[in-house]
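A short worksheet on the structure shown next.
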């Protein structure tokens, strides 16, 4: 399982550990990933996603999973999230 957010595409970054003596060694900054279950209002289903804490706040701020997918770009989404987005768009057209 990759360490990548399914909604925002946020992944590991690299940088330096810097000691008091200014010695630098390489390190990785990992995203704060959580496995959450989000509810889609238009589909009436819930989906299990592995997303970052920042993405969870963004979903909450935009007003839910459906509103988040309406504003999100396809390039950032994982394959599974892209399928969910297309299902939600299809349900919105049918309604």
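The values are calculated or read from the model by the stated rules, or taken from the named source; none is laboratory data. Values in this document were obtained by computation on a predicted structure and should not be read as measured data. Every residue, glycine as well, gets a Cβ built from its backbone with ideal geometry; the counts of neighbours run over all protein chains shown.
One table, with the values for the structure above:
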read-out	value
Selection count, segment 80-95, where residues are more than 14 Å from residue 43 (Cβ to Cβ) and at pLDDT below 95	1
Enumeration of residues in segment 31-77 that are touching a residue at least 24 places away in the same chain (Cβ under 8 Å), out of contact with any strand residue (DSSP E or B) (no Cβ under 8 Å at 6 or more places or on another chain) and surrounded by 12 or more Cβ atoms within 10 Å (Cβ to Cβ)	41, 42, 43, 54, 55, 58, 68, 72, 76, 77
Residue check for residue 22: without any contact (Cβ under 8 Å) to a residue 60 or more places away in the chain and out of contact with any strand residue (DSSP E or B) (no Cβ under 9 Å at 6 or more places or on another chain)	yes
